[in-house]
Amino acid sequence: MSPVRTPTPVAEPRLEPAVPEREGDVSLDALVREWLLELKVMGRSPRTIDWYAQKMRSYLAASKATRLSELTAFELKRFLGELRDRGLAPNTIHGFFETLKALASWAQREHYPVDADLLRLRAPKVPEKEMETYSTRN
């Protein structure tokens with residue numbers, strides 16, 4: 001009598017390669033998913049997480065950067081310049097900067113290799129607007 005053989009399970013496909021292309025280099029898409037999950041675990045509000053997610057979706061759709069190694073200071077400057085050329089409001093541009101910088105800072109804390117120049121990049125200026133005050137007098 002021949003022994004009964006059990007079929008070998010087939011490994012499910014992975015979203016990330018088992019060995020990164022370069023040491024520590026990961027897909028930006030996967031990194032963003034991990035970062036947003038971290039924000040959720042840390043107790044950030046769903047509205048805040050949605051805001052970050054929207055900014056990152058827009059960035060990933062408009063950028064050719066697909067890996068963390070491609071998210072450099074030059075790439076961020078290029079992207080912000082493109083937003084300025086499109087005539088977007090300074091607060092909108094600043095929001096993109098803060099989101100991408102927050103992602104990069106988190107990635108560095110998690111020991112992913114992040115472009116050092118990106119972490120030193122200064123925020124674009126946002127004009128200060130004086131708030132309009134209302135009076136009860138006529």
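No lab work stands behind these numbers, since they all come straight from the coordinates. Computed from a predicted model, the values in this text were never measured in an experiment. Because the Cβ atoms are built from the backbone with ideal geometry, glycine has one as well, and the counts that use them run over all protein chains shown.
So what is the relative contact order of segment 28-120, in percent, for Cα pairs below 8 Å that sit 6 or more residues apart?
On the way: 63 pairs, mean separation 31.3, N = 93.
Dividing the mean separation by the residue count of segment 28-120 yields 34 percent.
Among the chymotrypsin sites (Phe, Trp or Tyr not before Pro) in segment 37-138, which ones are in a DSSP loop with at most 15 other Cβ atoms within 10 Å of the Cβ? Mind listing them?
Filter output for segment 37-138: Tyr134.
At 7 Å along the Cα-to-beta-carbon direction for both Gln108 and Arg122, put a label point, then send me their distance in nm to one decimal.
1.7 nm
Stretched out fully, how many nm does the piece from Trp51 to Lys129 gain, at 0.36 nm a residue minus the Cα gap? Mind showing how you got there, number by number?
Details: separation 78, 0.36 × 78 = 28.08 nm, distance 2.29 nm.
Stretched fully, the Trp51-Lys129 segment lengthens by 25.8 nm.
Once amide H atoms are built 1.01 Å from N in the peptide plane, which residues 5 or more positions from Arg67, or in another chain, come under 5 Å H to H?
Correct list: Leu28.
How high is the FRET efficiency from Leu88 to Arg67, r the C-beta distance, R0 25 Å, rounded to 0.05?
Values: r = 26 Å, r/R0 = 1.03.
Calculated value: 0.45.
Against the globular-protein guess of 2.2 N^0.38 Å, express the Cα radius of gyration of segment 28-120 as a ratio, rounded to two decimals.
Working: Rg = 12.7 Å, N = 93, 2.2 N^0.38 = 12.3 Å.
Working it through for segment 28-120, the quotient is 1.03.
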